[in-house]
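Presented below is the structure to which this report refers.
The values are calculated or read from the model by the stated rules, or taken from the named source; none is laboratory data. Quantities reported herein were computed from a predicted structural model and do not represent experimental measurements. Here the Cβ positions follow ideal geometry from the backbone for every residue, glycine too, while neighbour counts run over all protein chains shown.
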Amino acid sequence: MSRVFLVVMDSVGIGGAPDADRFFNDGRPDTGSNTVLHMALAQSLHLPNLDRLGLGAAIRLASGQDAPGLGATPEGLWGAASEISPGKDTPSGHWEIAGVPVPWDWHYFPDTQPAFPAEVTARVCELAGTEGILGNKHSSGTVILDELGEEHMRSGWPICYTSADSVFQIAAHEEAFGLDRLLKLCEDLAPMLHAMRVGRVIARPFTGTPGNFTRTPNRRDYAIAPPAETILDIAAKAGRDTHAIGKIGDIFSHRGIGKLHKGKSDADLAEHLLRMIDTAAPGSLTFANFVEFDSLYGHRRDIPGYARQLEWFDTVAGQAIARLQPGDLMIFTADHGNDPSWTGTDHTRERVPVLGAGLGARAIGNVGFSDIGASVAAHLGLDLPKAGASFL
């Protein structure tokens, strides 16, 4: 039986989203953002494996522009995908890739102080057993630790903040506040926020001392459940093995997932992916997310760091492709953009690459995010999700 490895390169967009003018960073529309192209224009990029599949050709298809150094003749399945969900966030992108476009508008907190309704603040205090919270505003996660970490350790109050995404984030010191206490707080708060159509409550644990605080790998996302069956649900109901690598489990509320494989870094996740290629059962679905493009470099607008991460991942992709077995399909795609050359710190609304290994050279053109999930299901011989059409 065929196997599928669906790999999301978190935020690796290629420009050209038809509705980019409706999405903004610091008041500037995302029109013209192009994550990979702008990295290639800023410095030399060496991505032989992804380009051999068709990355450069996909950028040209999506945006009409040539990326320097990415001009290989495609040898794999290649195209570009556009999103219809009304958000440029992680759950929207992943759900739609898995066959479930978001059917509602997410709730976003205003960029005011305070940012949160009084009833939300009161609920956090009740659950945390504190008289108040810190933050209560939009902020970068690293900046707010420098600003409020010392006060948090003195007062014991949780640091609560949000961003341009539909999220409610709580930062707390693993020792002074307690990791288990933080996770329980986020888990118990999540139903209230989910009822408001806030996509995720995120636990952001950190350690260290004033002036030297560091976020730890023990982040946990409590995401609202998808409103319909995803390809993970369909595969699990059909008795297939399903593997989630990285934060896929959190994004899908652990629904339809047989085995979860986590790590402290993308390097750890790469080892899980390579091991799954060697060991996953026939007919299985492995769904992976590599987050550090986005979390470490995109939001921080770090062009050299993002470029280095692309080149590192390209070597992982080469190793993964080389290990595929006959009948396997490996798809590399993304959930949104996060152009490090752009204004602001938010994601950018872009088309994403769809690159496939295992089926030979095949141009699929411009497709929808949900067509990826339909194609995965088709290759596995499963019922197709309600949204999307297979491009295989």
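Can you tell me how many residues within the stretch 158-192 are buried (at least 23 other Cβ atoms within 10 Å of the Cβ), within 21 Å of the chain's Cα centre (by Cα), outside any strand (DSSP E or B) and of a type in the set (A, V, I, L, M, F, W, C)? Of the residues in the stretch 158-192, 1 are buried (at least 23 other Cβ atoms within 10 Å of the Cβ), within 21 Å of the chain's Cα centre (by Cα), outside any strand (DSSP E or B) and of a type in the set (A, V, I, L, M, F, W, C). Pairing residues of the stretch 118-145 that are among the acidic types (Asp, Glu) with residues that are modelled with pLDDT of 95 or more, at Cβ distances under 8 Å and at least 6 apart in sequence or on separate chains, gives 131/125; 131/157. Scanning the stretch 352-392 for residues that are within 17 Å of residue 59 (Cα to Cα) and in contact with a Pro (Cβ under 8 Å, 6 or more places away or on another chain) turns up 361, 363, 369.
When residue 283 is tested against (1) loosely packed, with under 15 Cβ neighbours inside 10 Å; (2) touching a Lys or Arg at 6+ places or on another chain (Cβ under 6 Å); (3) more than 27 Å from residue 161 (Cα to Cα), exactly one condition is not met: (1). Scanning the stretch 1-26 for residues that are within 15 Å of the chain's Cα centre (by Cα) and not aliphatic (A, V, I, L, M) gives 10, 11, 13.
Just to be sure I understand, how many residues within the stretch 329-363 are crowded, with 20+ Cβ neighbours inside 10 Å and either not polar (S, T, N, Q) or not in a strand (DSSP E or B) (or both)? Spell out how you get there, then give the answer.
Step one: filter the stretch 329-363 for residues crowded, with 20+ Cβ neighbours inside 10 Å, giving 329-340, 342, 346-358.
Checking which are either not polar (S, T, N, Q) or not in a strand (DSSP E or B) (or both) leaves us with 329-332, 334-340, 342, 346-347, 349-358.
Result for the stretch 329-363: 24.
Pairs linking a residue in the stretch 364-392 that is more than 20 Å from residue 75 (Cβ to Cβ) and touching a residue at least 24 places away in the same chain (Cβ under 8 Å) to a residue that is surrounded by fewer than 24 Cβ atoms within 10 Å (Cβ to Cβ) and among the basic types (Lys, Arg), with Cβ atoms under 7 Å and 6 or more positions apart or on different chains, are 380/240.
Check the stretch 73-96 and report whether any residue there is among the hydrophobic types (A, V, I, L, M, F, W, C), in contact with a strand residue (DSSP E or B) (Cβ under 6 Å, 6 or more places away or on another chain) and within 20 Å of residue 318 (Cα to Cα). Yes: one or more hits. Output the residues belonging to the stretch 47-69 that are surrounded by 24 or more Cβ atoms within 10 Å (Cβ to Cβ) and touching a helix residue (DSSP H, G or I) at 6+ places or on another chain (Cβ under 6 Å). 47, 50, 59, 67 - these are the residues of the stretch 47-69 that are surrounded by 24 or more Cβ atoms within 10 Å (Cβ to Cβ) and touching a helix residue (DSSP H, G or I) at 6+ places or on another chain (Cβ under 6 Å).
Among the listed residues 62, 17, identify the single one that is in a helix (DSSP H, G or I), modelled with pLDDT of 95 or more and within 27 Å of residue 376 (Cα to Cα). Even if it seems obvious, please write down each step before you answer.
Values: 17 fails: in a helix (DSSP H, G or I).
One residue alone meets the criteria, 62.
Across the stretch 370-384, what is the number of residues that are under 19 Å from the mean Cα position of the chain (by Cα) and closer than 14 Å to residue 287 by Cβ? Give the steps one after another, and end with the answer.
To start, the set of residues in the stretch 370-384 that are under 19 Å from the mean Cα position of the chain (by Cα) comprises 370-373, 376.
Within this subset, residues satisfying the condition of being closer than 14 Å to residue 287 by Cβ are 372-373, 376.
Total meeting the criteria: 3.
Residue count for the stretch 33-60 under the criterion of being among the small types (Gly, Ala, Ser) and within 15 Å of residue 347 (Cβ to Cβ): the result is 1. For residue 119, indicate whether it is acidic (Asp, Glu), at pLDDT 95 or above and in a loop (DSSP other than H, G, I, E, B). When the stated conditions are applied, residue 119 does not pass them. Taking the listed residues 278, 233, 221, the one that is surrounded by 16 or more Cβ atoms within 10 Å (Cβ to Cβ), of a type in the set (D, E, K, R), over 25 Å from residue 206 (Cβ atoms) and in contact (Cβ under 8 Å) with a residue 12 or more places away in the chain is 233, with no other qualifying.
Considering only residues of the stretch 81-128 that are within 16 Å of the chain's Cα centre (by Cα) and among the polar types (S, T, N, Q), which is farthest from residue 384 (Cα to Cα)? So, considering only residues that are within 16 Å of the chain's Cα centre (by Cα) and among the polar types (S, T, N, Q), the one farthest from residue 384 (Cα to Cα) is 90.
Contact map, the stretch 39-62: residues that are touching a residue at least 40 places away in the same chain (Cβ under 8 Å) and of a type in the set (Val, Ile, Thr) paired with residues that are buried (at least 24 other Cβ atoms within 10 Å of the Cβ) and assigned to a helix (DSSP H, G or I), Cβ distance under 8 Å, separation 6+ or inter-chain. Pairs shown: 59/36; 59/37.
Has the stretch 80-88 got any residue that is touching a residue at least 40 places away in the same chain (Cβ under 8 Å), of a type in the set (S, T, N, Q) and within 24 Å of residue 360 (Cα to Cα)? Steps first, please.
Let us first name the residues in the stretch 80-88 that are touching a residue at least 40 places away in the same chain (Cβ under 8 Å), namely 80-85, 87-88.
Now restrict to residues that are of a type in the set (S, T, N, Q): 82, 85.
Within this subset, residues satisfying the condition of being within 24 Å of residue 360 (Cα to Cα) are 82.
Among the residues of the stretch 80-88, at least one is touching a residue at least 40 places away in the same chain (Cβ under 8 Å), of a type in the set (S, T, N, Q) and within 24 Å of residue 360 (Cα to Cα), which makes the answer yes.
For residues that are under 30 Å from residue 371 (Cα atoms) and among the β-branched types (Val, Ile, Thr), scanning just the stretch 90-145, find the one that is surrounded by the fewest Cβ atoms within 10 Å (Cβ to Cβ). I'd like the intermediate steps shown before the answer.
So in the stretch 90-145, the residues under 30 Å from residue 371 (Cα atoms) come out as 90-108.
With the extra rule that they be among the β-branched types (Val, Ile, Thr), the set shrinks to 90, 97, 100, 102.
Numbers: 90: 27, 97: 30, 100: 27, 102: 23.
Among them, the one singled out is 102.
Where helices (runs of 4 or more DSSP H) fall wholly inside the stretch 194-295, the ranges with 1 or more residues that are at pLDDT 95 or above and of a type in the set (Ser, Thr, Tyr) are 266-279. Taken over the stretch 11-46, the criterion of being surrounded by 22 or more Cβ atoms within 10 Å (Cβ to Cβ) and on the phi > 0 side of the Ramachandran plot is satisfied by 11, 15, 16.
Kindly check whether there is at least one residue in the stretch 312-327 that is among the polar types (S, T, N, Q), touching a residue at least 40 places away in the same chain (Cβ under 8 Å), farther than 17 Å from residue 8 by Cβ and in a helix (DSSP H, G or I).
yes
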